[in-house]
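Visitor: Take this structure, written in structure tokens, and hold onto it; I'll ask about it next.
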Ligand code: BGC
């Protein structure tokens, strides 16, 4: 009886507590009801707080007493912060979350964000390199691993994927994207979102952020933070598709860009944020500024002062303010003055709160901050295996004269390995390595020693860390080469020159490295260049001095293993470049999907009064989609299901692909189309489909592609979709230049 009474008492207490508990804390209520309840309780300042994101840092140990950190903690207690960036690790995030949950009036949990661009601890190839794999399954898997490692370290949100199309390797941030093509960029962007987010209903996935909206990749002359001036036709057809694909894949957030569009900074650009993102695309997540980009509208000359900046950002539809604090400082005042409606503020805040509920943070604020899981999840052998697979597939073989590659490990050749980058782990990594550690990575020297275990591998620097060289370094390298059967030279640019604020007027192989190659070439030995860089470099100057070029980009943790996999032939290279390699710097921007112009230069011609250069060819050194293999693939018998098709009916395209070489390998078959005449001129080629297929030596496969109306459509400058009847060409091949071709008509 006693037991029954005490049970009843407990139940009563639970009932009373539940009844007293605000609705927003009741896990059984719907998210909508919980948000409505919470919004009713919030002051304007607390609402502004949810739209305020601060840069974090360290909040535990001695750093916690730093006045700057103490001030941030005070703001959290006052409900003035909704999110932090750059606070990482289960313990750090837990400590700060505790302040928000236990010491702020309403106990609203924080969102922790970080730039996890290509891995958190296990560092995958830079996104540009990874995109050269054309392996969408692997790309999605890499993103999922990055999310899992991040989530265990307390993160809820990454500022990725970057979906900026760019034609300009002077821009350091090309490394973060998927190259120059909008169709392919869209497929990669969606895969990255799927990998990062899953269904956002467990503790293994995090929110994605589509950035930088919009057209940031078109910065003039490739100079970071510079002006963008693109037409609306280019905006819709070239720049917007990858952002759109990422939004459609369910991305929770979108980030403003630093640039202007049509003369208006992206953060305050109503056309971009309100008209396109919110209205046309029906985006339901929230928009975050780029770092201080609300405030920078003053410097742009668009906002008069900080209050005006907050006003212009919010009415354009932008929401969360990263680091400029104009929203938290001025939103309440703007509401009071009637300049901004409470309904609009509520709509913005509702979106942020929605994701906090969806992630389960109101019910378990520490769900993501789990030190045990963090330890067990990060940098595991399984994750590294995936990073190695991704790195193998990212490498692009650009040249292989006389089949100098692969190097036959079984014959134990002596190898001269030359090049400072081959042993410098710090240079394997770029600007965005999250919490990856250089000392954990495999250098090219280590990878080669491990693979060519019975070969004598003798190393020399060849050049200085800055790319310069001197006689002594060259002499040592030449002596080293003279004693070896084969010479592998790791050149290029340090990973530290890839990423934000890393624009280069001359994306070329440094002179010292060219001089080194010249001297090595004179030895008469086979010279294999392994080129590391976060962008396509102009390789014209080194062409005469090397027999092979292995473009290894910046490959991350497993660099050395992957380079050795390819040099040894353990992995048959299959990467195809997703950015054109310029012939000369003056040719930039160079890209495959350009217009025909009124005066195109014929492929074979040397004619006057054509759109041409007098000193160099029009064509890039290596076109979009190009990459060699250790085997050969032949394309034959391109055929179409019909020569004429009606709108609404599909067109089947088939081609026969044969592996005519001696090795099994992957080929990426690419399909392009061209509409010959339209109300808006169309590119001379536009990628519409691809297949990555594996063929044994001698194997023949018939590849089939289906094209539908969507593939024949284009946008006008207002974002309306057109499908216009007329003559088309379809092209299929192993890169954007060497293709078979057929005609058809759309009725
Ligand atoms: C970059 C963003 C990045 C943000 C936060 C900015 O400078 O442009 O891409 O997400 O910083 O680190």
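Visitor: Where does each of 665-676, 486-497 land if you order them by average Cβ count within 10 Å, highest first?
Guide: Per-residue Cβ counts within 10 Å, averaged per peptide and sorted highest first, yield 486-497, 665-676.
Visitor: What is the list of residues in the stretch 343-373 whose amide nitrogen lies under 17 Å from a point 7 angstrom out from the Cα of residue 27, following Cα to Cβ?
Guide: In the stretch 343-373, the label zone of residue 27 (backbone N under 17 Å from the point 7 Å along Cα→Cβ) covers 356-370.
Visitor: Let me ask something else about it. Between residue 376 and residue 347, 0.36 nm times their residue separation minus their Cα-Cα distance comes to what?
Guide: 6.5 nm is the gain from fully extending residue 376 to residue 347.
Visitor: For the stretch 633-746, just say rounded, prolate or oblate: build the C-alpha gyration tensor, square-root its eigenvalues into a ≥ b ≥ c, call rounded for a/c under 1.5, and beyond that prolate if a/b exceeds b/c, oblate if not.
Guide: prolate
Visitor: Which whole-number percentage describes the relative contact order of the chain, with Cα contacts under 8 Å and a sequence gap of 6 or more?
Guide: RCO, the chain: 13 percent.
Visitor: Is the stretch 384-587 best put as rounded, prolate or oblate by its Cα gyration tensor, with a ≥ b ≥ c the root eigenvalues, rounded for a/c under 1.5, and otherwise prolate when a/b is larger than b/c, oblate when not?
Guide: rounded
Visitor: Could you list 318, 133, 414, 679 in order of exposure, starting from the residue whose Cβ has the fewest other Cβ atoms within 10 Å?
Guide: 679, 414, 133, 318
Visitor: Still on this model: If the chain between residue 476 and residue 41 were fully stretched, how many nm would it gain, using 0.36 nm times the residue separation less the Cα-Cα distance?
Guide: Between residue 476 and residue 41, full extension yields an extra 149.3 nm.
Visitor: Sorted by mean Cβ packing within 10 Å, highest first, what order do the peptides 327-337, 401-411 take?
Guide: Averaged packing, sorted descending, gives the order 327-337, 401-411.
Visitor: Between residue 454 and residue 664, what FRET efficiency comes out of the Förster formula 1/(1 + (r/R0)^6) with R0 = 22 Å and r the beta carbon distance, rounded to 0.05?
Guide: My answer for the efficiency is 0.30.
Visitor: With just the Cα atoms defining each centre, how far is the stretch 155-221 from the stretch 602-650? Give it in Å.
Guide: Their Cα centres are 28 Å away from one another.
Visitor: Percent relative contact order of the stretch 589-713, based on C-alpha pairs within less than 8 angstrom and at least six residues apart?
Guide: The value is 27 percent.
Visitor: Rounded to the nearest 5, what % of DSSP beta bridges with both residues in the stretch 384-587 are antiparallel?
Guide: Here the antiparallel bridges make up roughly 15 percent for the stretch 384-587.
Visitor: Still on this structure, please answer the following. Between residue 743 and residue 611, what's the calculated FRET efficiency when r is the beta-carbon distance and R0 is 25 Å? Round to 0.05.
Guide: 0.55
Visitor: Right, something else. Once the piece of chain linking residue 64 and residue 299 is laid out straight, how much longer is it, given 0.36 nm per residue of separation minus the C-alpha distance between them?
Guide: Gain on stretching residue 64 to residue 299: 81.3 nm.
Visitor: Using a 7 Å offset from the Cα along the Cα-to-Cβ direction at both residue 423 and residue 440, what is the distance between the two label points in nm, to one decimal?
Guide: Taking the two extended label points, one gets 2.5 nm.
Visitor: Then there is this: When DSSP assigns beta bridges and you keep just the ones with both residues in the chain, what percent turn out antiparallel, to the nearest 5?
Guide: 55
Visitor: Please label the shape of the chain as rounded, prolate or oblate, based on the square roots a ≥ b ≥ c of the eigenvalues of the alpha-carbon gyration tensor (a/c under 1.5 means rounded; beyond that, a/b larger than b/c means prolate, else oblate).
Guide: Here the chain falls in the prolate category.
Visitor: Can you give the relative contact order of the stretch 384-587 as a percent, counting alpha carbon pairs under 8 Å and 6+ residues apart?
Guide: Relative CO of the stretch 384-587 lands at 35 percent.
Visitor: Would you calculate the separation in nanometres between label points at residue 408 and residue 636, each defined as 7 Å from the Cα along the Cα-to-beta-carbon direction?
Guide: Once both label points are built, they end up 3.0 nm from each other.
Visitor: Mind giving me the nanometre distance, one decimal, between the label points for residue 224 and residue 595, set 7 Å out from Cα along Cα→Cβ?
Guide: 3.3
Values quoted throughout were computed directly from the atomic coordinates according to the rules given, and no laboratory measurement underlies them. Please read these numbers as outputs of a predicted model, since none were measured by experiment. Using ideal geometry, Cβ is built from the backbone for each residue, glycine included, and neighbour counts are taken over all protein chains shown.
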